[in-house]
Amino acid sequence: MPVTCPFCRKRALELPEEEGTLSCICSNRSIHYRRFPAYSRESKVMDAPRIEVEAGATCLHHSDRKAESICDECGMFMCSLCQTEHGGRPLCLNCFSTIHLKELPAEKLGTGAQSYRYDNIALGLALIPLVIMWPITCITAPVAIFMVIRHWKGHPYSVIPHSRARAIFAVLVALCEIIGWITLGLLLFTESTNG
Amino acid sequence: MKKSARKRSKVIGRGSSSFSRSTLYLMGDHILKLEGQFTETYRRFYFKDLQSAYWIKNRGSLWAMIIFILLFIAIAIPFFINDLPGVAAFPAGIALLATIYLLFIQATGGYVHFYLSTPAQEERIREIKTQRKARKILRLIESHIERSQSDHDHSIS
């Protein structure tokens, strides 16, 4: 498949050799490239029969294509492009991903397109207010501890494994902040009772 | 599981912008681009899908080098003329080191914009900044690509 010119982002450029340089007519600057075997692989284009008569159900997402089946979960009309299968049941892509996600083991839940790093969030909650607005640490410190405890089992929160050091450090910082607040409260209390 | 996963992932590039940082990992069967600190976003480039890699030279380093040379001259020369090298040593030294570093980058191909292309996407890989790095990573992934794409072709046929 040709690549798009990185300068004009409009023209498609064919890569003639395994490795080399070429240039687009929009610029005289050279583009260095390396081609891999998949470059010349023909992509299979899927198709679904188009509806030819007015009557008959059409696909919910492709109004010009004939509905071939109904989703077993949500009842959506689907053409063969939208249809997928799970455990022998015809399903639409939405229902398939929902069911698939539920069936994933806990350790694989964080392997999608996005995940939350609760240890970093907790560390941020514990440290950032300390630097920019320390009085709000009385709220953020307990929240940081809660976040670590709440998501302790969900570790490592990421595709790339790492230790719990950040989460533990966040708890320690948050505990110090809470101890600081308690000490300050006690000092103020004893001062007010004495004076 | 964790140890084997750690073994399977290898950092091959790092990048950062004003508010986020990103890391490029070499995984078992793909290159993983991880962005963000609090919310991690993953982009995967499977070896079996990679069609091409291409890069264009970025002239930024050349301009930076010229600026550092001018800076070095501007800082150092007046002090050397007046026999006061000690005062100018630190800023001039930094400018000189930066120039030498940029000269090295320029000599090994310079800074580049690197792109990976698959049937579904063409994406700039900001973590690969120099031509030297681009060639090094291509050498590293070449065998993986050849193996997975030949396996893929066999499984299709």
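The values are calculated or read from the model by the stated rules, or taken from the named source; none is laboratory data. Just so you know, these numbers come straight off a predicted model, no measurement behind them. Please note: Cβ atoms are built from the backbone with ideal geometry, for glycine as well, and neighbour counts cover all protein chains shown. Just the protein is used for accessible areas: all its heavy atoms, side chains included, with ligands, DNA and RNA removed. Shrake-Rupley method; radii C 1.70, N 1.55, O 1.52, S 1.80 Å.
A:A113 meets the conditions (1) in contact with a Phe, Trp or Tyr (Cβ under 7 Å, 6 or more places away or on another chain); (2) surrounded by 13 or more Cβ atoms within 10 Å (Cβ to Cβ) in every case but one. The failed one is (2). Inside region B:106-152, residues that are of a type outside the set (G, A, S), part of a loop (DSSP other than H, G, I, E, B) and open to solvent by 60 Å² or more (accessible area, probe 1.4 Å) make up a count of 3.
Scanning region A:146-195 for residues that are in contact with a strand residue (DSSP E or B) (Cβ under 8 Å, 6 or more places away or on another chain) and either among the polar types (S, T, N, Q) or assigned to a helix (DSSP H, G or I) (or both) yields one hit, A:S158. Of the residues examined, B:I100 is one that is β-branched (V, I, T), open to solvent by 30 Å² or more (accessible area, probe 1.4 Å) and either within 12 Å of another protein chain (Cβ to nearest Cβ) or over 27 Å from A:S23 (Cα atoms) (or both).
Cβ separations smaller than 7 Å between residues 6+ apart or across chains give the following pairs from region A:162-185 residues that are closer than 11 Å to A:G124 by Cα to residues that are open to solvent by 50 Å² or more (accessible area, probe 1.4 Å): A:V173/A:L127.
The set of residues from region A:149-195 being surrounded by 11 or more Cβ atoms within 10 Å (Cβ to Cβ) and among the acidic types (D, E) comprises just one member, A:E177. Do we have A:I132 as more than 30 Å from B:H30 (Cα to Cα) and open to solvent by 70 Å² or more (accessible area, probe 1.4 Å) here? Answer is yes for this residue. Look at A:W152 and say whether it is aromatic (F, W, Y) and within 17 Å of A:I121 (Cβ to Cβ). Spelling it out, A:W152 is indeed aromatic (F, W, Y) and within 17 Å of A:I121 (Cβ to Cβ).
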